[in-house]
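Scroll down for the structure; my scribbles are underneath it.
The values are calculated or read from the model by the stated rules, or taken from the named source; none is laboratory data. Since the model is a prediction, treat every value here as computed from it, not as a measurement. Counting neighbours? That spans all protein chains shown, and the Cβs are built from the backbone with ideal geometry, glycine included.
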Amino acid sequence: MTAPVSARPRTRKAVIPAAGLGTRFLPATKAMPKEMLPVVDRPAIEYVVSEAVRAGLGDVLMVTGRNKRALEDHFDRHPVLEATLSRKGDQRRIDLIRESDLVGDIHYVRQGEALGLGHAVSCARRHVGDEPFAVLLGDDIIGADEHLLERMIDVQQRLGGSVVALMEVPEESVSSYGVAAVEPVEGEAAGVMRVTGLVEKPAREDAPSRLAVIGRYVLAPQVFEVLENTAPGRGGEIQLTDALQTLAQGEGEGHGVHAVVFDGRRYDTGDKLGYLQAVVEFGVAHPELGGQLRDWLKDFAADL
Ligand code: G1P
């Protein structure tokens, strides 16, 4: 039986897995967490935390690992720096650095061993408890004026189960993603589909579609139980995609997976090209730098 809408708790918590090694971005990430790479003047991870907070998820749990101390420091106060700026009367910069520690209520848990994304999510079990929650992958930055997460939270509350975000990708890229088989849902807009199957990083010829899972999920708490029983999959890791495949095919409260198909702007900042594109977009949108950068880009592009 599926619980009536009014009985379903609304999503309040966000989980951000941030324990990855950043191998796609070496050598920059040899000594620095990839989440701390700056996109203009803020580390990439801050855009992701801000997106969660904008969607009403003020309770954020970061799943970190070794060498991620800089993340905790960034979202904490820095009394020495504040005092130095205060002596110089630089209130503007004090306000700027305080924005990062005031952004949300951030908690941390460590994933002792890198056993995969599914395992990272299961580290959030105690904090999340028995309610739906969002997962935001730190590599993916969504354009600041998109409302993807809000739409996903809304779909989860109305339809129950779990919700993934899908984006159409070129055929040659499917093997970098979880890929979904979908069907329409009666009474829903075209951008909301039912997921009938999911496969993690399939070979091009085995992919059920070109609809790739991107780094936003709203998950039913039942996923934790399923993850406990999910054997290591692709790459010998416990895959979230495999647990979602089980939920997509099962029945009962907490089962069923829907998708919101996204066609807005998304940048994979774990990838060097995606990162550069994000820097340009957020640079052009920056209140102080935007005008100058835009003019320079036009000149620069004219000579290419
Ligand atoms: C993870 C997921 C994959 C998803 C991707 C989105 O893979 O396992 O299903 O499509 O994120 O970015 P990763 O990029 O961590 O290898």
Practice task
Determine if region 220-229 includes at least one residue that is surrounded by fewer than 23 Cβ atoms within 10 Å (Cβ to Cβ) and closer than 17 Å to residue 173 by Cα.
Solution key: no
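Is it fair to say residue 214 is within 13 Å of the ligand (Cβ to nearest atom) and in a strand (DSSP E or B)?
Details: within 13 Å of the ligand (Cβ to nearest atom): yes; in a strand (DSSP E or B): yes.
Yes.
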Handout entry: Every pair of residues 6+ apart whose Cβ atoms lie under 8 Å, when the first sits in region 19-33 and is part of a loop (DSSP other than H, G, I, E, B) while the second is of a type in the set (S, T, N, Q)
Key = 19/64; 19/111; 21/29; 22/29; 29/23; 31/67; 33/67
Exercise for the section: Would you mind telling me which numbered condition in (1) in a helix (DSSP H, G or I); (2) closer than 30 Å to residue 156 by Cα residue 11 fails? Expected result: (1)
Fill in the blank from the handout: residue 188 passes all but one of the listed conditions (1) touching a Gly at 6+ places or on another chain (Cβ under 9 Å); (2) more than 10 Å from the ligand (Cβ to nearest atom); (3) modelled with pLDDT under 95; (4) not aliphatic (A, V, I, L, M); the exception is number (1)
Handout entry: Complete set of residues in region 259-281 that are touching a helix residue (DSSP H, G or I) at 6+ places or on another chain (Cβ under 8 Å) and away from the ligand (no atom under 16 Å from the Cβ)
Key = 280
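Find the residue count for region 220-248, including only residues that are closer than 16 Å to residue 133 by Cβ and of a type outside the set (S, T, N, Q). Give the derivation first.
Keep residues of region 220-248 that are closer than 16 Å to residue 133 by Cβ, which gives 220-227, 240, 243-244, 247.
Cutting the leftovers down to of a type outside the set (S, T, N, Q) gives us 220-221, 223-227, 240, 243-244, 247.
So the count comes out to 11.
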Fill in the blank from the handout: Listed by first then second residue, the pairs whose first member lies in region 190-202 and is more than 7 Å from residue 179 (Cα to Cα) and of a type in the set (Gly, Ala, Ser), whose partner is within 10 Å of the ligand (Cβ to nearest atom) and not in a loop (DSSP other than H, G, I, E, B), with beta carbons under 6 Å and at least 6 positions apart or on separate chains, are none
Fill in the blank from the handout: So, first residue at positive phi in region 246-258, second residue of a type in the set (A, V, I, L, M, F, W, C) and not in a helix (DSSP H, G or I), Cβ within less than 9 Å, six or more apart or across chains; the pairs are 252/1; 254/220; 256/195; 256/220
Practice task
Check residue 251 against each of (1) in a helix (DSSP H, G or I); (2) away from the ligand (no atom under 15 Å from the Cβ) and name the one condition it does not meet.
Solution key: (1)
Exercise for the section: Taking only region 219-236 into account, find how many residues are closer than 15 Å to residue 251 by Cα and of a type outside the set (A, V, I, L, M). Expected result: 3
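Being under 20 Å from residue 128 (Cβ atoms) and touching an Asp or Glu at 6+ places or on another chain (Cβ under 9 Å) is the filter here, so list the residues in region 21-50 that pass it. Spell out the reasoning first.
First, pick out the residues of region 21-50 that are under 20 Å from residue 128 (Cβ atoms): 45, 48-49.
Scanning region 21-50 gives 45, 48.
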Handout entry: Any hit, region 249-258, residues being within 20 Å of residue 130 (Cα to Cα) and acidic (Asp, Glu)
Key = yes
Exercise for the section: Kindly provide the set of residues from region 217-237 that are within 15 Å of the ligand (Cβ to nearest atom) and of a type in the set (Asp, Glu), ordered by number. Expected result: 237
Problem - Flag if residue 165 is small (Gly, Ala, Ser), buried (at least 22 other Cβ atoms within 10 Å of the Cβ) and either within 14 Å of the ligand (Cβ to nearest atom) or over 25 Å from residue 251 (Cα atoms) (or both) - result: yes
